[in-house]
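Asker: Handing you a structure now.
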């Protein structure tokens with residue numbers, strides 16, 4: 001998928017709506033993927049994101065050790081693979097191979113972009129103070145990519161137990177909000 | 001709107017999809033409302049939520065001082081009021097009056113429930129260590145309410161500048177995920 005760079009000031013528009021994302025990491029020569037729903041914007045520019053991982057997640061140790069990841073935003077077409085990644089562990093499975101996803105090189109981190117995803121955000125961990133107590137990692141997005149050909153990406157929002165709300169109509173109201 | 005209590009273990013299903021919410025506070029005898037998109041689950045049970053507020057927000061001081069708020073989940077029918085609350089400040093406007101919203105008494109906090117919202121989560125601030133650096137408040141949901149008559153609530157997800165994705169179809173995939 002041919003992606004173009006997305007200005008960092010636009011990153012919040014991808015994360016603020018709360019889509020399920022796929023987090024990719026690279027540790028000990030092994031690339032892995034984790035399905036994640038617990039992430040928010042903390043600041044606009046540079047874009048800062050907070051995410052929550054359990055220390056039972058295989059990706060937790062990779063993120064803690066390498067301090068790098070990529071947050072990839074899938075659309076509804078990838079829903080089955082998203083659930084697949086959420087139901088398997090990188091301890092025992094090569095998820096790129098198992099789910100037919102393509103790792104491509106990032107520009108600023110060793111973790112790979114997931115080619116099939118609509119957008120990818122290269123992130124570095126900038127604060128781990130909150131990891132032990134809450135599993136909260138603070139990330140800075142250092143490079144962002146988006147597929148310019150997808151004009152109406154429909155992301156998915158996890159309502160628990162494999163149930164997802166898919167983006168429906170878009171509404172636009174006059175607003176001074178960023 | 002007649003709401004019933006929602007078991008606390010179910011709260012993540014409302015927050016995890018990333019809907020825009022209305023945060024109500026009560027400080028110095030004044031009830032206020034803030035439109036918020038930067039909130040995530042941190043733990044399932046008891047339900048812990050992290051939210052980000054700017055110290056320029058009027059609600060920031062109220063939350064810091066009173067350590068209580070209610071997170072109310074509006075549906076698309078309230079979109080205009082949601083944007084209205086985001087474009088005005090409680091410093092100069094009584095938002096309940098201006099936007100025709102109804103404050104009703106909560107059971108465990110002084111901040112009011114917003115009656116027109118589909119669900120309401122009574123929250124207490126349990127950690128302010130992260131407030132100064134990131135504006136991150138850690139909240140515990142102590143009581144939750146939901147409208148049982150709304151079987152298909154369509155929440156809204158902010159994509160920036162007044163543009164919202166409205167929940168469309170719901171899909172359900174076999175999953176071991178919570």
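Asker: If you go through the range B:36-49 one residue at a time, how many are free of Cβ contacts under 8 Å to residues at least 60 places away in the same chain, farther than 13 Å from residue A:38 by Cβ and in contact with a strand residue (DSSP E or B) (Cβ under 6 Å, 6 or more places away or on another chain)? Lay out the reasoning, then the answer.
Answerer: Going residue by residue through the range B:36-49, those that are free of Cβ contacts under 8 Å to residues at least 60 places away in the same chain are B:36, B:38-41, B:43, B:45.
Among the residues that remain, those that are also farther than 13 Å from residue A:38 by Cβ are: B:36, B:45.
Subset that is in contact with a strand residue (DSSP E or B) (Cβ under 6 Å, 6 or more places away or on another chain): B:36.
Of the residues in that region, 1 qualify.
Asker: Separate question: Within the range B:1-27, can you find the residues that are within 12 Å of another protein chain (Cβ to nearest Cβ) and either in contact with a strand residue (DSSP E or B) (Cβ under 6 Å, 6 or more places away or on another chain) or under 16 Å from residue A:51 (Cβ atoms) (or both)? If you could, list the steps in order and put the result at the bottom.
Answerer: Narrowing the range B:1-27 to residues within 12 Å of another protein chain (Cβ to nearest Cβ): B:9-21.
Of everything in the range B:1-27, those that are within 12 Å of another protein chain (Cβ to nearest Cβ) and either in contact with a strand residue (DSSP E or B) (Cβ under 6 Å, 6 or more places away or on another chain) or under 16 Å from residue A:51 (Cβ atoms) (or both) turn out to be B:11, B:12, B:14, B:15, B:16, B:17, B:18, B:19, B:20, B:21.
Asker: Another one. In the range A:117-138, which residues are at the interface with another protein chain (Cβ under 10 Å from one of its Cβ atoms) and part of a helix (DSSP H, G or I)? Talk me through it step by step, then tell me what you get.
Answerer: So the first thing to find is which residues in the range A:117-138 are at the interface with another protein chain (Cβ under 10 Å from one of its Cβ atoms), and the list is A:127, A:129-130, A:133-136, A:138.
Within the range A:117-138, A:133, A:134 qualify.
Asker: Here's something else I'd like to know. Against the definition (under 24 Å from residue A:159 (Cβ atoms) and free of Cβ contacts under 8 Å to residues at least 12 places away in the same chain), how does residue B:113 come out, yes or no? Steps first, answer last, please.
Answerer: Details: under 24 Å from residue A:159 (Cβ atoms): yes; free of Cβ contacts under 8 Å to residues at least 12 places away in the same chain: no.
Answer is no for this residue.
Asker: Just name the residue that is farthest from residue B:126 (Cα to Cα) out of those in the range B:11-27 that are surrounded by fewer than 23 Cβ atoms within 10 Å (Cβ to Cβ) and touching a residue at least 12 places away in the same chain (Cβ under 8 Å).
Answerer: Pass one, the range B:11-27, residues surrounded by fewer than 23 Cβ atoms within 10 Å (Cβ to Cβ): B:13, B:16, B:26-27.
Applying the additional criterion that residues be touching a residue at least 12 places away in the same chain (Cβ under 8 Å) yields B:16, B:26-27.
Working: B:16: 20, B:26: 17, B:27: 18 Å.
Among those residues, the one meeting the criterion is B:16.
Asker: For the range A:55-67, which residues satisfy the criterion of being touching a strand residue (DSSP E or B) at 6+ places or on another chain (Cβ under 9 Å) and touching a residue at least 24 places away in the same chain (Cβ under 8 Å)? Before you say what the answer is, go through the steps one by one.
Answerer: If we filter the range A:55-67 for residues that are touching a strand residue (DSSP E or B) at 6+ places or on another chain (Cβ under 9 Å), which is where we start, we get A:57-67.
Listed by number, the residues that qualify are A:58, A:59, A:60, A:61, A:62, A:63, A:64, A:65, A:66, A:67.
Asker: Please report, ordered by residue number, the strands (runs of 3 or more DSSP E) entirely within the range B:4-78 with at least 3 residues that are in contact with a helix residue (DSSP H, G or I) (Cβ under 9 Å, 6 or more places away or on another chain) and closer than 18 Å to residue B:161 by Cα. Break it down into steps so the answer makes sense when it comes.
Answerer: Details: elements: B:21-27, B:30-36, B:39-43, B:48-52, B:68-73.
Here the list reads B:30-36.
Asker: Another question, if that's okay. Hey, among the residues in the range B:28-45 that are within 18 Å of residue B:68 (Cβ to Cβ) and surrounded by fewer than 20 Cβ atoms within 10 Å (Cβ to Cβ), which one's nearest to the other protein chains (Cβ to nearest Cβ)?
Answerer: B:30
Residue by residue, here is whether (1) closer than 30 Å to residue A:56 by Cα; (2) modelled with pLDDT of 95 or more holds:
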position: B:111; (1), (2): no, yes
position: B:129; (1), (2): yes, no
position: B:135; (1), (2): yes, yes
position: B:155; (1), (2): no, yes
position: B:159; (1), (2): no, yes
position: B:165; (1), (2): no, yes
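Asker: Looking for something free of Cβ contacts under 8 Å to residues at least 60 places away in the same chain and surrounded by fewer than 17 Cβ atoms within 10 Å (Cβ to Cβ) - is there at least one such residue anywhere in the range A:116-123?
Answerer: Within the range A:116-123, not a single residue is free of Cβ contacts under 8 Å to residues at least 60 places away in the same chain and surrounded by fewer than 17 Cβ atoms within 10 Å (Cβ to Cβ).
Asker: Looking only at the range B:139-178, count every residue that is at the interface with chain A (Cβ under 7 Å from one of its Cβ atoms), buried (at least 18 other Cβ atoms within 10 Å of the Cβ) and part of a strand (DSSP E or B) and tell me the total.
Answerer: Residues meeting the conditions: 6.
Asker: Let me ask something additional. Quick one: which residue in A:76, A:70, A:52, A:82 is within 13 Å of another protein chain (Cβ to nearest Cβ), surrounded by 24 or more Cβ atoms within 10 Å (Cβ to Cβ) and touching a residue at least 40 places away in the same chain (Cβ under 8 Å)?
Answerer: Numbers: A:76 fails: surrounded by 24 or more Cβ atoms within 10 Å (Cβ to Cβ); A:70 fails: within 13 Å of another protein chain (Cβ to nearest Cβ); A:52 fails: surrounded by 24 or more Cβ atoms within 10 Å (Cβ to Cβ).
Going through A:76, A:70, A:52, A:82 in turn, the sole match is A:82.
The values are calculated or read from the model by the stated rules, or taken from the named source; none is laboratory data. The structure presented is a predicted model; accordingly, all values stated were derived computationally and were not measured. When we count neighbours, we look across all protein chains shown, and the Cβ atoms used for this are built from the backbone with ideal geometry, even at glycine.
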